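Below is one structure, written out as structure tokens; comments come after it.
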Amino acid sequence: EAQVTQNPRYLITVTGKKLTVTCSQNMNHEYMSWYRQDPGLGLRQIYYSMNVEVTDKGDVPEGYKVSRKEKRNFPLILESPSPNQTSLYFCASSFGRGDTQYFGPGTRLTVL
Amino acid sequence: SQKIEQNSEALNIQEGKTATLTCNYTNYSPAYLQWYRQDPGRGPVFLLLIRENEKEKRKERLKVTFDTTLKQSLFHITASQPADSATYLCALRDDKIIFGKGTRLHILP
């Protein structure tokens, strides 16, 4: 089944404790992206990658890192999480800019 | 800076009528505009994409128009059903993707 998977689905952590949210797709997509969704602010792009070893900042990259060492995986790294990074995070992928973008099920992160 | 607005936070439509949602943008010339549906607690689901050189796109009961002069897209659901109730998001797409905040659509039986 074609899908985007994210892990974990739920995470509660404390300020400053490094964490990684994994994202994987099995559709051989070149474009992958991370978003955060907050009430009243909508869905905002954090980082995106147009291919392996190519990553670029979205609208809200501060406090996040990503890597794209292989085509299927695009982990999101929070080196020192803070409470303002409490949010619902989505990973997504597509072949290219003009193609269907598929979203993962989301990761709900709480930083205490 | 780039800005994208969806005209209503919420919209109530009687079942069977046509629902029309609006997406306006400024300071941007996107190559593509997309519409998504999002249900509570779930990720957005892609519905339609329209390119900058296209005026209109249809898929079953859905229709999207794209006016690059007005910088506006309209999204229509004809013969609306209660199952169409959801939040609908528009997104401008080039290398980056910018989403509107969404319109919560309620189809009333």
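The values are calculated or read from the model by the stated rules, or taken from the named source; none is laboratory data. Because the structure is predicted, anything quoted here is derived from the model rather than measured. Cβ: placed from backbone, ideal geometry, glycine included. Neighbour counts: every protein chain shown.
Identify all residues within segment A:66-93 that are buried (at least 22 other Cβ atoms within 10 Å of the Cβ) and more than 18 Å from residue A:50 (Cα to Cα); write none if there are none.
A:81, A:89, listed by residue number.
Please verify whether residue B:29 is away from chain A (no Cβ under 11 Å), surrounded by fewer than 17 Cβ atoms within 10 Å (Cβ to Cβ), at pLDDT below 90 and under 27 Å from residue A:95 (Cβ atoms), treating the condition exactly as stated.
For residue B:29, the condition - away from chain A (no Cβ under 11 Å), surrounded by fewer than 17 Cβ atoms within 10 Å (Cβ to Cβ), at pLDDT below 90 and under 27 Å from residue A:95 (Cβ atoms) - is met.
With respect to residue B:42, is the statement that it is at the interface with chain A (Cβ under 10 Å from one of its Cβ atoms), more than 11 Å from the chain's Cα centre (by Cα) and free of Cβ contacts under 8 Å to residues at least 12 places away in the same chain true?
Yes.
Looking at segment B:95-109, which of the residues that are in a strand (DSSP E or B) and touching a helix residue (DSSP H, G or I) at 6+ places or on another chain (Cβ under 7 Å) is farthest from the other protein chains (Cβ to nearest Cβ)?
Here is the first cut: in segment B:95-109, the residues in a strand (DSSP E or B) are B:97-99, B:103-108.
Still in the list and also touching a helix residue (DSSP H, G or I) at 6+ places or on another chain (Cβ under 7 Å): B:105, B:107.
Working: B:105: 16, B:107: 22 Å.
Here the answer is B:107.
Looking at segment B:10-23, is at least one residue surrounded by 14 or more Cβ atoms within 10 Å (Cβ to Cβ), within 14 Å of chain A (Cβ to nearest Cβ) and either outside any strand (DSSP E or B) or touching a residue at least 40 places away in the same chain (Cβ under 8 Å) (or both)?
Yes: one or more hits.
Looking only at segment B:45-71, how many residues end up being part of a loop (DSSP other than H, G, I, E, B), acidic (Asp, Glu) and at pLDDT below 95?
Selection size over segment B:45-71: 2.
Within segment A:77-95, can you find the residues that are within 22 Å of residue B:30 (Cα to Cα), assigned to a strand (DSSP E or B) and more than 9 Å from every other protein chain (Cβ to nearest Cβ)?
A:93, the sole residue that qualifies.
Does segment A:16-60 hold any residues that are of a type in the set (Gly, Ala, Ser) and either assigned to a strand (DSSP E or B) or facing another protein chain (nearest Cβ under 10 Å) (or both), and which are they?
A:24, A:33, A:40, A:42, A:49, A:58
Is it the case that segment B:68-78 has a residue that's buried (at least 16 other Cβ atoms within 10 Å of the Cβ), in contact (Cβ under 8 Å) with a residue 24 or more places away in the chain and either within 12 Å of another protein chain (Cβ to nearest Cβ) or among the aliphatic types (A, V, I, L, M) (or both)?
Yes, there is a match, as at least one residue in segment B:68-78 is buried (at least 16 other Cβ atoms within 10 Å of the Cβ), in contact (Cβ under 8 Å) with a residue 24 or more places away in the chain and either within 12 Å of another protein chain (Cβ to nearest Cβ) or among the aliphatic types (A, V, I, L, M) (or both).
Limited to segment B:80-101, what total is found for residues that are more than 16 Å from residue A:59 (Cβ to Cβ), surrounded by 16 or more Cβ atoms within 10 Å (Cβ to Cβ) and not β-branched (Val, Ile, Thr)?
5
Residues A:98, A:63: which one is free of Cβ contacts under 8 Å to residues at least 40 places away in the same chain, within 14 Å of chain B (Cβ to nearest Cβ) and touching a Leu at 6+ places or on another chain (Cβ under 9 Å)?
Among A:98, A:63, only A:98 is free of Cβ contacts under 8 Å to residues at least 40 places away in the same chain, within 14 Å of chain B (Cβ to nearest Cβ) and touching a Leu at 6+ places or on another chain (Cβ under 9 Å).
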